């Protein structure tokens, strides 16, 4: 509609900001409209080079949102080609989006390297919330990759900014959860508890049930790790009615595991059945195997080794290193006790091979 | 010299402590839940 109007570079920059905002908010339709509008404006050839480069970068971010990773990669490489002529603002977005692209292709090590590069250009970014969101993004990636200390540091940086802006209260609460989870990984359970309860208090002041459910799950996770099963169950059962919770199978997995561990096999079987029903509606193969192993370990013990063998095949195919190592190690011990040394050797090597991969991954930090 | 030694020890401790709890996203190990987080590729 506005194609008859020609924007100058400043106006186009505003349009790019709006496009980027909509991408960050995952508003695909609005982002698509703005993409068309930007393309029309760029076709008029009035924009300066800096704006064109920025548009290419934001377009790559748009592709990441739409999961067109190969297209995103092409644009990122194109902008990288201008490297000597890029300003700090471009370099900030280039490293940020390249990091996102690499993370989405599961190249985690290089993604973290790129995010590390982003930091040196933060001084050139005016928008404080953009900075906080970067710290937040970096911290959550670091958490899932088990860079625990670094994750906590970046989450603290995000908190420092978010707490200055009341509109970002929800993100502040989320970041508290992230710090608590890092404390759990450090076995600093008391500190984790403090942060989770503070986050829970935030949600009761301004009622946000999805955040609340997440905190209940995490409190259950904390107490389960601490071995306080009664407390863990108290929080985990609060999650049960919220089947829309995106970690739902993880919640039931913990409840099933606790029930079996406590010798309450009937309850364990009930939870297991519930999980399988859920899996039928929303399949999750990783959890399917995790539940299967748990079930045969306590209920159908005669199938335990058979299922472990099948699970190893699955986890190996999917590169689920931690689970693969755990199962292979268990099988190696079993075959070793059976004096079947050939098989024992095979599984020890499998477990050790992946153990070495993990050490390599982390020692490259 | 002493400074170098301390730095060396610190580096070693960092590597060892990081290996102690090894796992990463693809590992499917139980991790906590961060609402609206980018766990895999959901940007």
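Using the alpha carbon gyration tensor of the range A:208-299, what are the three equivalent-ellipsoid semi-axes (square root of 5 times each eigenvalue), largest first, in whole Å?
The answer is 20, 17, 10 Å, longest axis first.
In whole angstrom, how far apart do the alpha carbon centroids of the range A:1-66 and the range A:178-241 sit?
After rounding, the separation between the Cα centres reads 41 Å.
Based only on other Cβ atoms within 10 Å, what is the fewest-to-most ordering of A:298, A:207?
Taking fewest neighbouring Cβ atoms as first place, the list is A:207, A:298.
Mind checking the angle between helix A:189-205 and chain A's longest principal axis? C-alpha axes, 0 to 90 degrees, to the nearest 10.
60
Evaluate peptide A:135-144: per residue, the Cβ atoms of other protein chains within 10 Å of its Cβ; return the mean as an integer.
Partner Cβ neighbours, averaged per residue: 4.
In degrees from 0 to 90, rounded to the nearest 10, what is the angle of the helix A:209-226 Cα long axis to the longest principal axis of chain A?
For A:209-226 against chain A, the angle is about 40 degrees.
Report D for the range A:1-126 in µm² per second (integer): Stokes-Einstein, Kirkwood Rh on Cα pairs, 4 °C, 1.567 mPa s.
Value of D from the Cα-based Kirkwood radius: 87 µm²/s.
Stokes-Einstein at 20 °C, 1.002 mPa s, Kirkwood radius from Cα pairs: D for the protein assembly as shown in µm² s⁻¹?
91
Which whole number gives the average count of other chain Cβ atoms within 10 Å of the Cβ atoms across peptide A:102-112?
Counting Cβ atoms of other protein chains within 10 Å of each residue's Cβ and averaging gives 2.
I'd like the mean, over residues of A:314-324, of how many other protein chain beta carbons sit within 10 Å of each residue's own Cβ.
Across the residues of A:314-324, the mean count of other-chain Cβ atoms within 10 Å is 3.
How would A:178, A:276, A:254 line up from fewest to most surrounding beta-carbon atoms within 10 angstrom?
A:276, A:254, A:178
Quick check on packing: order A:267-273, A:134-140, A:148-154, A:83-89 by the mean number of other C-beta atoms within 10 Å, highest mean leading.
Listed from highest to lowest mean packing, they are A:134-140, A:148-154, A:267-273, A:83-89.
Would you please state the base-10 log of I(q)/I(0) at q = 0.15 1/Å for the range A:208-365, with intensities from the Debye formula using one equal scatterer on every alpha carbon?
Values returned for q = 0.15 Å⁻¹ are -0.91.
For chain A, take the longest principal axis of its alpha carbons; what is the angle in degrees between that and the long axis of helix A:49-65, to the nearest 10 within 0 to 90?
The angle comes out near 30 degrees.
Over chain A, what is the mean sequence separation of C-alpha contacts under 8 Å (at least six apart), divided by residue count, expressed as relative contact order in percent?
The value is 6 percent.
Using only the alpha carbon atoms of the range A:123-243, find the Kirkwood hydrodynamic radius as the inverse mean reciprocal pair distance, in angstroms to one decimal.
14.7
Where does the protein assembly as shown land at 222 nm, in deg cm²/dmol rounded to the nearest 500, when only DSSP H runs of n ≥ 4 count, each adding -39500 (n - 2.57), divided by all residues?
-24500 deg cm²/dmol
Just want the ordering: A:35, A:206, A:176, from fewest to most Cβ atoms lying within 10 Å of their own Cβ.
Taking fewest neighbouring Cβ atoms as first place, the list is A:206, A:35, A:176.
Only the coordinates and a few stated rules stand behind these numbers; no lab work does. Computed from a prediction, not measured in an experiment: that's the story for all the values here. We place every Cβ from the backbone using ideal geometry, glycine too, and count neighbours over all the protein chains shown.
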